[in-house]
Amino acid sequence: QQHARAMEEGGELKESFRECRDACERIEAGTQASANGGKRDQANEERKRIAGKVMRCMQMVESLGILSANESKEDILTEHLQFLLLQYFLGVCYANMGDPDPGSRLENVQNAILSFRRFAAACLDKDLLESDIAKRVESMVESDSVYSKPRTVAREEKIAQYKRQKEIKQKMEGLESSSSVDEEEARELALLHINSSVLNALQHQNSLCQEVEILKFAKDRPEGAESTESINRRREEQAKQFHALKGTATALQAERQRLADGVFRPSHILPTMTVEEFGMLELERMKEAEASKSRHAQGEAACSSEHGDSSDDDDAVKKFADDSFRQFFAKISFGSSPSDIFRFFFGLQAREWDDFKDENPRGWGNSKLRPCA
């Protein structure tokens, strides 16, 4: 019966572990339900449920004796290495439980820090970590207090940690994409997963320690003091005002510079080109005018050659214009009044109308009203 019970718990453990692993991966990727707005309570309940399932898996691991405190890396079976990640999964759940109450949030952050430290310490004790990662973990687990100040990480160390984590992920993706994985490759993949999770725990640890300091201040503030949300809101408003004033100051500085640049400028509009440039433009304009006049003359000559009878009409038009102007200058002397000029033109129009009626008597032409007249 004990063997059957162990087999049953082993199957349940594997199934629950896969569910916890997938859920924590979704939480870290940010694809789970959002913790903002109306869905915050729903997301918190889901994470609490996952944390409870993780703790249930940890109890089964302990009851089945899968992992022992005095085991080393060589003593742990490959298929059992993954259960070391349960403590990390628990830290992920606690770290992502959002709560508007500073006291409740502080408790969740403390639990997350402890879970990450226990996970890193267990991996360090069993010699599962790379040498560089092990050195960082040693400084992480030096203090058991969750109120320890965040560790200052040098820029070079951050860059090296980021590069190593990227290399580990690429190697994991290569092994996971392989169609057939032997025992050695499966063990290497499990160790890579553990080292990658420890690097994530180091990052979470530092940010959570900073959050602890903020939450302690928010929790211990006197009653009636300004809340953290209102402080953040006020800071955002101040930042917006600062950016607006900064833009105004920039515009004023630009205007001031423009006025300073124009102090010694003349009052008239400065020329946009030199005399030589203007002369070149006029020369080009004259050349274009001459070419246009030449083309026009050639076109008239061609039309005259094609329509030779049009010369008589042109002569008649010129003669009429000359006679009209001659009559005008004969009648109008220099210094005549505008009324004399108007009378001359009106009389000229009346004479033209009389000449037209004499040349075209009434009734001539095709009349639609009297077609037979």
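Applying 0.36 nm per residue to the separation of ARG295 and ALA160 and subtracting their alpha-carbon distance, the gain on full extension is 40.7 nm.
On the basis of the beta-carbon distance and an R0 of 45 Å, THR248 and HIS268 show a calculated FRET efficiency of 0.85.
Remark: the range 285-302, residue by residue, has Karplus-estimated 3J(HN,Hα) of 5, 5, 4, 5, 5, 5, 5, 5, 5, 5, 5, 5, 5, 5, x, 5, 5, 5 Hz, where x stands for each Gly or Pro and the curve is 6.51 cos²θ - 1.76 cosθ + 1.60 at θ = phi - 60°. The length gained by stretching the chain between LEU64 and ARG256 to full extension, at 0.36 nm per residue less their Cα-Cα distance, is 61.2 nm. Among the listed pairs LYS135/LYS166; LYS14/LYS48; LYS166/LYS216; LYS48/LYS166, which are separated by more than 25 Å between their Cα atoms? Listed pairs above 25 Å: LYS166/LYS216; LYS48/LYS166.
A short reminder: the numbers here are calculations on the coordinates, not readings from a lab. As the structure is a computational prediction, the values presented were derived from the model and not from experiment. Don't worry about glycine lacking a Cβ; one is built from the backbone with ideal geometry, like all the others, and counts go over all protein chains shown.
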